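Q: Let me begin by handing over the structure; questions about it come next.
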């Protein structure tokens, strides 16, 4: 009688031992998530305090273009609560961007114990390169693409002489001028910066796929024509419907694609035959 009881007890102990690591992982995950939420909350409240300064920085391309075209750089908001919610959205977006390296580090600390040493060495460069490429993409959008896009949109302002009264011989000027709302301006600016920052992660994605054997340099080179079409389709969805923004996004994506092929070819051993 003792053996079966002992066997049952051993089975129960085995179940408890097997469930213990899972519980430890869940506790570790909760800790990492709490750290992430804490980072975001702290950064959010700091950004809320400086929200007007941050918005002024994002609006500077519009100010420069407006002054260049000889007009007052004015914006409006049509709802009493609109500017408040714009500041909340702006603070949240900036908090995510600022804390991204710290969030990545928490994810790394959760995943790293389950990786071998060679796997850690393989992933660390990508972990370090992701925020750098993110900033590069957002900077390209802010300093190059956005000013040209705003200049393109403002060029559609109209000043047409319209005859108002033939009897009196008077002429009035029909004026159609840009007066952007703060909410629409924020949405458009964040969309452009996010689209460029996201597209600049393409080398990281392709290098990771090449390292695990999903893609090769020769295979990517053979699919270049599909990438050209895909880049312009992606740009059409992620940018406003103007050629400057779309070309400004599609061309860097294609350049990053070609750079990724070169890096993969020289850093990762290619198989003898492509399947």
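The values are calculated or read from the model by the stated rules, or taken from the named source; none is laboratory data. Every value quoted in this text rests on a predicted model; they were computed, and no experiment measured them. So basically every Cβ, Gly included, is an ideal-geometry build from the backbone, and we count neighbours across all protein chains shown.
Here is a yes/no grid of residues against (1) under 21 Å from residue 153 (Cα atoms); (2) modelled with pLDDT of 90 or more:
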position	(1), (2)
214	no, no
237	yes, no
241	yes, no
256	no, yes
259	no, yes
268	no, no
272	no, no
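Q: Further question: Within the set of pairs 6 or more residues apart or between chains, which connect a residue that is closer than 16 Å to residue 48 by Cβ inside the stretch 66-87 to a residue that is assigned to a loop (DSSP other than H, G, I, E, B) and modelled with pLDDT of 85 or more with Cβ atoms less than 8 Å apart?
A: 83/77; 86/77
Table: residues versus (1) within 30 Å of residue 145 (Cα to Cα); (2) out of contact with any strand residue (DSSP E or B) (no Cβ under 9 Å at 6 or more places or on another chain); (3) at pLDDT below 85.
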site	(1), (2), (3)
5	no, yes, yes
14	no, yes, yes
34	no, yes, no
47	yes, yes, no
53	yes, yes, no
71	yes, yes, yes
90	yes, yes, no
93	yes, yes, no
98	yes, yes, no
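Q: Within the bounds of the stretch 213-224, is there any residue that is within 29 Å of residue 57 (Cβ to Cβ), touching a helix residue (DSSP H, G or I) at 6+ places or on another chain (Cβ under 9 Å) and assigned to a helix (DSSP H, G or I)?
A: no
Q: Within the stretch 58-69, take every residue that is more than 15 Å from residue 144 (Cα to Cα) and touching a helix residue (DSSP H, G or I) at 6+ places or on another chain (Cβ under 9 Å) and give me the one that is surrounded by the most Cβ atoms within 10 Å (Cβ to Cβ).
A: Residue satisfying both the conditions and the ranking: 66.
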